[in-house]
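The values are calculated or read from the model by the stated rules, or taken from the named source; none is laboratory data. Keep in mind that this is a model prediction, so the values were computed, not measured. For neighbour counting, all protein chains shown are included, and Cβ atoms are generated from backbone atoms with ideal geometry for every residue, glycine included.
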Amino acid sequence: MSERIIEIQSLTKKFGHFEAIKNVSFHVNQGDVYGFLGPNGAGKSTTIRCMLSLIKPDSGTIKIFGKSIFTDRNEILSRTGSIIEKPDFYKYLSAYKNLEIFSRLSRVSVGKKEIYKMLDFVGLGGREQDKFSSFSHGMKQRLGIAQTLLHNPDLIVLDEPTTGLDPQGIIDIRNLILRLKNEQHKTVILSSHNLAEIEIICNRMVIINKGVSVVEGDVKALMNNEDLVVRLEVSDKDKSKALIMSQYPNIHITDINETSIELPMEKSKISELNKDLVHAGIGIFSIEAKRKLEDYFIKMVNA
Amino acid sequence: MIFIKSIYNEVIKIALKPRSYLGIAAITVLVGVILFALKSDGMSVISFVTSSFEQTLSFEGNVLNGNLVAFIILQMLIVQIPLLIALVTGDLVSGEAAMGTIRMLLTQPISRTSLLLSKFIAGGIYTLIVIIWLGFMSVIMGKMLFGTGDLMVLNSDGLVILQEADVNWRYLGGFLVAFLALFTVSSLSICLSCFTDNSIGPIVTTMSIILLFTIIGTLDVHVFDSVRPFLLTTHMASWRSFFEDPLPIQDIKNSILILFIHNVLLISISIYVFNKKDITA
């Protein structure tokens, strides 16, 4: 069994009467790229801020590298690199100067050469002396990544790192995370409201909604391609429902509108269902299959 | 070691922030204007003061000398300096929150207390530089332009004439007490800065508090008698005590003690608030 890098137990935080997170629990193993998924305002950032001691939780425990963030904060943070929401640097300072300032506070000796090398690594070579205020959003994000990696941390926490990036920027960040996992065996926590992004990059994930951890586990298992929700748009809804119920008695059918219904179904049975409906003389206008978790997540986001 | 590096960081940040030079520039311009005015028509200002004594005293030698010019400058500017200090120090914590850099700083392996103390020390260094610059511009430039001589000071008790050889150490003492008073202004603005994420609020609030305390201090109303001795503004003028003869040592010690207590209280409150603060910005 892999070593547990992070263990969060029953984390709760209230802002006034608003309960931002309620009894959130999860764990992250060494080498995981762990997805932190949820719609905006779900409590992802609050949980991450608690983990990094930016916010003090009302109750619960946070153990990172086997130590409590409340008692061994500095030691934990010396082994952690993070970007929270967006990387904000000193606008009036250059990229180099900004990194130099933050590197002084890390417990690792970082020289001029390393800073230049890191800026080059994130694609900011040649822009070292340019002021942060002159950077585009993508460049700011890259500088944030450089700051995160500069002291060679064991744990990397990236809160919405691809927000506002262009498609190439998103791909670059994804590739960078995968390189960190595969080549340097880093543990990465990636917060996102984009399910596809989590599916591509992460091996484990937790879904948080309204401050509660809803689902946690292996991404492949949770994103099972066989377990689908099928939406049918048909000419005769009642006749279709009767036919489906006769063949699949325990199935739960949901009415969507006058012509559409939705039902859970295994991938292999969809073509058979299509054939049966056609044989029964029912016109099919459309069949749309979504994975269960995807469907659930979309409903959650829309709500 | 990280604490020392953090102090260095804070000093660098102040040094590279354009706003920090406003204070230095303002002092240069203001002192320059006063020096120019006194050089052009300084004797008329002096005769305005000496005229009431001319029946009993005769004034000889270089009355309008560098020592007097420096004293006039300090008296005129000491009211404006707190604003110049607060303009930089009031932004040290809340400015980081407004910019978002506070998140980055507080996820580094340095305790919040150390980080905050390094800001207080950096604020103190900035205050010291401003005071040294004010000293250079008033005392050194004053002496260079007007020469030197005995210092004639008009107090509430009357006219005090201090020998030329007896003046320099008084300036040094006066500047040290002025530094302590201005460091208290810096501590007040940093303390207010811990309560908000707005970078202008603490600057305006610091100046409002100084204005309010000044009004309370100057209003001759008995209801404020018990409060007045403890006000920061009462002791901001303590530098003037160094130009009294005999030196009111007890008053000076009292001012230093009260300013010191102010600093301890303000720094303690700041540490408590900053450590309790949730970083949601």
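Data table
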read-out	value
Those residues of the stretch A:84-109 which are more than 7 Å from chain B (Cβ to nearest Cβ), within 27 Å of residue B:18 (Cβ to Cβ) and among the β-branched types (Val, Ile, Thr), in sequence order	none
Residue that is of a type outside the set (A, V, I, L, M, F, W, C) and at pLDDT 95 or above, where the choices are B:123, B:173, B:135	B:123
Residue that is nearest to the chain's Cα centre (by Cα) [pool: residues in the stretch A:241-290 that are basic (Lys, Arg) and within 11 Å of residue A:230 (Cβ to Cβ)]	A:290
Residue that is surrounded by 15 or more Cβ atoms within 10 Å (Cβ to Cβ), out of contact with any helix residue (DSSP H, G or I) (no Cβ under 9 Å at 6 or more places or on another chain) and among the basic types (Lys, Arg), where the choices are A:275, A:241	A:241
Enumeration of residues in the stretch A:32-68 that are more than 13 Å from chain B (Cβ to nearest Cβ), in contact with a helix residue (DSSP H, G or I) (Cβ under 7 Å, 6 or more places away or on another chain) and small (Gly, Ala, Ser)	A:35, A:38
Helices (runs of 4 or more DSSP H) contained entirely in the stretch B:73-124, each with at least 3 residues that are touching an Asp or Glu at 6+ places or on another chain (Cβ under 7 Å)	B:94-99, B:101-105
Given (1) under 20 Å from residue B:256 (Cα atoms); (2) of a type outside the set (Ser, Thr, Tyr); (3) surrounded by 19 or more Cβ atoms within 10 Å (Cβ to Cβ); (4) in contact with a Leu (Cβ under 9 Å, 6 or more places away or on another chain), index of the condition residue B:173 fails	(3)
Residue within the stretch B:220-230 that is among the acidic types (Asp, Glu) and surrounded by fewer than 16 Cβ atoms within 10 Å (Cβ to Cβ) present	yes
Residue among A:109, A:103 that is modelled with pLDDT under 90, closer than 23 Å to residue B:106 by Cα and not in a strand (DSSP E or B)	A:109
Near pairs, Cβ below 8 angstrom, 6+ apart or cross-chain, from the stretch A:173-190 (outside the structural domain of residue A:137 (by TED's automatic domain parsing) and within 20 Å of residue A:120 (Cβ to Cβ)) to any residue that is among the aromatic types (Phe, Trp, Tyr) and surrounded by fewer than 19 Cβ atoms within 10 Å (Cβ to Cβ)	none
Scope the stretch A:231-256; condition in contact with a Gly (Cβ under 7 Å, 6 or more places away or on another chain) and of a type in the set (A, V, I, L, M, F, W, C); matching residues	A:234
Of all residues in the stretch A:130-153 being within 13 Å of chain B (Cβ to nearest Cβ) and part of a loop (DSSP other than H, G, I, E, B), the one that is nearest to residue A:30 (Cα to Cα)	A:153
